[in-house]
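Okay, so here's the structure we're looking at.
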Amino acid sequence: MTERLYYTCDRTEGQANLLSCSAEPDGRYAVVLDRALFHPQGGGQPADAGWIDNEPVETVLARGDDVLHIVAKPLLPGVVNLRVDAAQRQLHARLHSAGHLIGLAGTAFGWLPVKAHHWPNEGRITFAAGGNGTLPDAPSLQAKISVWQAENLARQVTFADGLRQVGFGHLPAYPCGGTHVAHLSEIGAVTITQVKMKKGQMIVNYTLCS
C-alpha cells in the first residue's frame, strides 16, 4: 500500500523508497513507491507530472492500494528523489478548489453536484435536480463564490472512517482525494462560462484566469 503524502501535505519535493518497477503492456514501466507525493489521475483531477530522480513521470495511476508512476525507462529499487511539477500542481489545486465552490453555490439554489471535471480549459460541474431547484444564471453563482473567496477561508482536511473530507472554513466539506489550495484567495478569478440544462441536469462550465 502506497502512503499518499499529498493527502496531508503540499510538498512537491522529497524522497521515497522505490519498491518495484514492472513492465506495462504499452512498453513503459510502472513504479511503485512506499509513499507518493504525486497525485494520480482520478476524482475529476488530472495526474501530477514531474520527475523520479531525473526520469520524467509520464502519468500517475491508482491501481488498488498502490499509486503507479508510469515512466519510459526502468528504474532500480532504492531511495529516489521526487519532484512534482509545482506550477502544474498549483493549477490543478486551484481548479479543483474552484469546482468545490461551484458545487456549493449550486447547492444553495437547490441542486446536487453529481459529477466533476477539473481539467484545464475543461472545468465542468454536473448537478442533479434537488427538491426545489431553480436555474441560476452565471452572475448569481459567481457572486456566491466571490463572497467566500473574499473571506479567504482556509482549507480544512479531516479523516473519518477511512474517508478523507476537504472543506474551507465554515463551508460544508466534500469527500475528496484531490489536491486543493490552502486558502481560497489562491484560486484567483473564477469565470462561469456557461450554465445550461441537459437531460434534466444542470451543467456549469468554468475556467480560471491565469
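At a 1.4 Å probe, what is the % contribution of carbon and sulfur to the accessible area of the chain? Can you show the working numbers first?
Values: 5250 of 10200 Å².
Exposed carbon and sulfur together represent 52 percent of the surface.
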Next item on the list: Read phi for every residue in region 67-72 and hand back ³J(HN,Hα) as whole Hz from Karplus 6.51 cos²θ - 1.76 cosθ + 1.60, θ = phi - 60°, with x for Gly and Pro.
Entry: 9, 9, 9, 8, 10, 7
Item checked: For G177, net neighbour charge (Lys/Arg +1, Asp/Glu -1) across residues whose Cβ lies under 10 Å away -> +2
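Net charge within 14 Å of K144 by Cβ-Cβ distance, Lys/Arg positive one each and Asp/Glu negative one each, not counting K144 itself?
Details: positive: none; negative: D137, E151.
Once all neighbours under 14 Å are counted, the net charge is -2.
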Notebook entry, point to check: What is the set of long-range amide H partners of L19 at a cut-off below 5 Å, with H atoms built 1.01 Å from backbone N?
Noted result: V32, L33, D34
Check: Between E13 and M197, what FRET efficiency follows from the Cβ-Cβ distance if R0 is 30 Å, with the result rounded to 0.05?
Finding: 0.10
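So between E186 and L91, what do we pick up on full extension, going 0.36 nm a residue minus the alpha carbon distance? All intermediate terms of the calculation are to be shown ahead of the outcome.
Values: separation 95, 0.36 × 95 = 34.20 nm, distance 0.99 nm.
Gain in length upon complete extension: 33.2 nm.
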Check: Roughly how many debye, to the nearest 20, is the charge dipole of region 3-84 about its Cα centre, given +1 on each Lys and Arg Cβ, -1 on each Asp and Glu Cβ, and no other charges?
Finding: 40 debye
Note to self: Along the Cα→Cβ direction, 7 angstrom out, place labels at A108 and D65. What is the inter-label distance in nm?
What the structure shows: 4.2 nm
Notebook entry, point to check: Any idea of the accessible area per residue across the chain, 1.4 Å probe, to the nearest Å²?
Noted result: 49 Å²
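Show me the ranking of peptides 159-166, 90-97, 45-52, 172-179 by mean Cβ neighbours inside 10 Å, starting with the highest.
On the way: 159-166: 11.0, 90-97: 22.6, 45-52: 20.8, 172-179: 17.0.
In descending order of packing, they fall as 90-97, 45-52, 172-179, 159-166.
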Check: Tell me, what is the FRET efficiency for E151 and T207 to the nearest 0.05, using R0 = 25 angstrom and their Cβ-Cβ distance as r?
Finding: 0.65
Notebook entry, point to check: Gain in length, Y174 to N132, computed as 0.36 nm per residue apart minus the alpha-carbon separation, to one decimal in nm?
Noted result: 13.0 nm
Item checked: Estimated D of region 3-84 in µm² per second, where Rh is the Kirkwood radius over Cα pairs and Stokes-Einstein applies at 10 °C, 1.306 mPa s -> 128 µm²/s
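Evaluated at 10 °C with a viscosity of 1.306 mPa s, what Stokes-Einstein diffusion coefficient in µm²/s does the chain have when Rh comes from the Kirkwood expression over alpha-carbon pairs? Each step should come with its number before you reach the end.
Numbers: Rh = 18.1 Å.
Translational D for this selection: 88 µm²/s.
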Margin query: Please list 3J(HN,Hα) in residue order for region 114-124, calculated via the Karplus relation 6.51 cos²θ - 1.76 cosθ + 1.60 where θ = phi - 60°; whole Hz, with x for glycine and proline.
Written below: 10, 8, 9, 9, 9, 9, x, 6, 9, x, 7
Notebook entry, point to check: So between R35 and D53, what do we pick up on full extension, going 0.36 nm a residue minus the alpha carbon distance?
Noted result: 5.0 nm
Next item on the list: For Q156, enumerate residues with amide H under 5 Å from its amide H, sequence gap 5+ or separate chain, H modeled in the peptide plane.
Entry: G167, F168, G169
Checklist line | Projected label distance in nm at F159 and D26, using a 7 Å step from Cα toward the beta-carbon | finding: 3.1 nm
Check: Heavy-atom accessible area of S22 with all protein chains present, probe 1.4 Å, nearest 10 Å²?
Finding: 60 Å²
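The values are calculated or read from the model by the stated rules, or taken from the named source; none is laboratory data. Source: prediction; values computed, not measured. Neighbour counts are summed over all protein chains in view; Cβ atoms, including those assigned to glycine, are modelled from backbone coordinates with ideal geometry. Heavy atoms of the whole protein, side chains included, go into the accessibility calculation; ligands, DNA and RNA do not. Shrake-Rupley method; radii C 1.70, N 1.55, O 1.52, S 1.80 Å.
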